[in-house]
1. Determine whether residue A:13 is within 14 Å of chain B (Cβ to nearest Cβ) and either without any contact (Cβ under 8 Å) to a residue 12 or more places away in the chain or touching a strand residue (DSSP E or B) at 6+ places or on another chain (Cβ under 8 Å) (or both).
2. Among the residues of the stretch A:23-43 satisfying the criterion of being more than 14 Å from the chain's Cα centre (by Cα) and farther than 19 Å from residue B:43 by Cα, which is farthest from the other protein chains (Cβ to nearest Cβ)?
3. Report, by residue number, each residue of the stretch A:78-103 that is at pLDDT below 95 and in a loop (DSSP other than H, G, I, E, B).
4. I'd like to know if the stretch A:67-74 contains one or more residues that are of a type in the set (A, V, I, L, M, F, W, C), within 13 Å of chain B (Cβ to nearest Cβ) and closer than 20 Å to residue A:11 by Cβ.
5. For residue A:53, indicate whether it is assigned to a loop (DSSP other than H, G, I, E, B), more than 24 Å from residue B:36 (Cα to Cα) and within 11 Å of another protein chain (Cβ to nearest Cβ).
6. Looking at B:75, B:108, B:65, B:61, can you tell me which residue is more than 26 Å from residue A:37 (Cβ to Cβ), hydrophobic (A, V, I, L, M, F, W, C) and surrounded by 13 or more Cβ atoms within 10 Å (Cβ to Cβ)?
7. Which is at positive phi, in contact with a Lys or Arg (Cβ under 9 Å, 6 or more places away or on another chain) and surrounded by fewer than 20 Cβ atoms within 10 Å (Cβ to Cβ), of A:15, A:45?
8. Out of all the residues in the stretch A:6-46, which are assigned to a strand (DSSP E or B) and closer than 12 Å to residue A:87 by Cβ?
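The values are calculated or read from the model by the stated rules, or taken from the named source; none is laboratory data. Keep in mind that what you see is a predicted model, and the values were worked out from it rather than measured. No Cβ is skipped: glycine too gets one built from the backbone with ideal geometry, and neighbour counts run over all protein chains shown.
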Amino acid sequence: DAKTTQPNSMESNEEEPVHLPCNHSTISGTDYIHWYRQLPSQGPEYVIHGLTSNVNNRMASLAIAEDRKSSTLILHRATLRDAAVYYCILRPNAGGTSYGKLTFGQGTILTVHP
Amino acid sequence: EPEVTQTPSHQVTQMGQEVILRCVPISNHLYFYWYRQILGQKVEFLVSFYNNEISEKSEIFDDQFSVERPDGSNFTLKIRSTKLEDSAMYFCASSDWRGLAGVNEQFFGPGTRLTVL
């Protein structure tokens, strides 16, 4: 599986935007970029995913570099509830033999200050 | 909003005992997964299950582990003879089918904390 690299930790203030980077220089053409997060003492939670174009949903935005070697998860206004570990995960669209397991790295611990 | 549920929330067992962890996936989902997270470590994939059979499993998922969907709603993970190193949080997840394996999001349960003494 292609590898992702994320900073170990980041800090933000409440109500400020947060940009969480992810490098994936060995991404293949059919890999989707997924972001999950894990709030304290909870299971992982889907945030957003994309392939080539930037994506927006109610939780966040995903900005994907033109060469797809990096991406950035954007939380437009961080709240205390956004404090979590954020995981950037590449998922191959292999179809036949891959049923979509998620390969988690260490992720980025986001601390949000009031 | 539909959610994945898991029982029990915490299971304490003696080494060598069998445990069964239970999960109720979201009702119209077709793909089911188990992951585990040892305290302070990353989330690790164990097994995926589709159409009543294992579709993929990791090296962790050895002969001591088995999965079953006994009644069309529950999805269980059995550990036949627990070891100390099986102590972890176990997460169940499910997803529907959207035609592309790389697209479908997985919905996770709250986890079962397994403590092996």
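1. Working: within 14 Å of chain B (Cβ to nearest Cβ): no; either without any contact (Cβ under 8 Å) to a residue 12 or more places away in the chain or touching a strand residue (DSSP E or B) at 6+ places or on another chain (Cβ under 8 Å) (or both): yes.
Criteria not met by residue A:13.
2. Residue satisfying both the conditions and the ranking: A:25.
3. Residues satisfying the conditions are A:93, A:94, A:95, A:96, A:97, A:98, A:99, A:100, A:101, A:102, A:103.
4. Within the stretch A:67-74, none of the residues are of a type in the set (A, V, I, L, M, F, W, C), within 13 Å of chain B (Cβ to nearest Cβ) and closer than 20 Å to residue A:11 by Cβ.
5. no
6. When all the criteria are applied, what remains is B:65.
7. A:15
8. So the first thing to find is which residues in the stretch A:6-46 are assigned to a strand (DSSP E or B), and the list is A:9-13, A:18-23, A:31-38, A:45-46.
Across the stretch A:6-46, the qualifying residues are A:20, A:22, A:33, A:34, A:35, A:36, A:37, A:38, A:45, A:46.
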